[in-house]
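Trainee: Dropping a structure here in structure tokens format, bear with me for questions.
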Amino acid sequence: MAQIDTLKTLLQIDDSQDVLLGALIEQCSEEYLRRTHQAEADESIVNCMVIEKYNRMGNEGIESISYSGISESYESDYSEATQKLIRSKTRMVAI
């Protein structure tokens with residue numbers, strides 16, 4: 001299954017979001033490579049990154065919000081679980 005199809009299944013969305021998902025995949029893949037210094041992006045980790053970015057769309061920058069007894073907060077970066085996955089793939093670079 002292609003990465004974009006996997007993401008559509010996980011996010012339960014249709015083909016109307018293909019362009020957005022493609023852009024998020026590209027953005028998150030580049031960020032993954034920049035953070036880890038790897039030659040290739042790990043698709044499963046990039047998928048985690050894309051899902052988190054997709055779910056925060058329209059709510060960027062919100063630290064905490066409360067309404068009708070429901071409270072939400074968003075981290076400025078990825079969740080600790082996703083950050084741990086990224087760190088596990090990070091290579092040290094000699095200068």
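Read-outs: derived from the displayed coordinates by stated rules, not from any lab. These figures come from a predicted structure and were not determined experimentally. No Cβ is skipped: glycine too gets one built from the backbone with ideal geometry, and neighbour counts run over all protein chains shown.
Trainee: Of the candidates Ile13, Ile25, Ile45, which one comes out as most mobile in a Gaussian network treatment of the chain with C-alpha springs shorter than 10 Å?
Mentor: Most flexible of the set in this elastic network: Ile13.
Trainee: Over the chain, with a Gaussian network built from C-alpha contacts below 10 Å, which listed residue (Glu31, Glu80, Glu52) shows the highest mean-square fluctuation?
Mentor: Glu80
Trainee: If you stretched the chain out fully between Arg91 and Met57, how much longer would it get, using 0.36 nm times the residue separation minus the C-alpha to C-alpha distance?
Mentor: Going from the current span to full extension adds 9.3 nm.
Trainee: Given a 10 angstrom Cα cut-off, can you work out which residue in Gly58, Gly22, Gly69 is the most mobile in a GNM of the chain?
Mentor: Its mean-square fluctuation being the largest, the pick is Gly69.
Trainee: Work out the FRET efficiency for Gln83 and Val19 from their Cβ-Cβ distance, taking R0 = 25 Å, and round it to the nearest 0.05.
Mentor: Calculated transfer efficiency: 0.35.
Trainee: Where nothing but the Cβ of Lys and Arg (+1) and of Asp and Glu (-1) is charged, how large is the charge dipole of the chain around its Cα centre, in debye to the nearest 20?
Mentor: Computed about the Cα centre, the dipole is about 420 debye.
Trainee: Also: Can you give me the distance in nm between label points at Glu40 and Glu26, each placed 7 Å from the Cα along the Cα-to-Cβ direction?
Mentor: 2.1 nm
Trainee: With a cut-off of 8 Å between alpha carbons and a minimum separation of six or more residues, what is the relative contact order of the chain in percent?
Mentor: 28 percent
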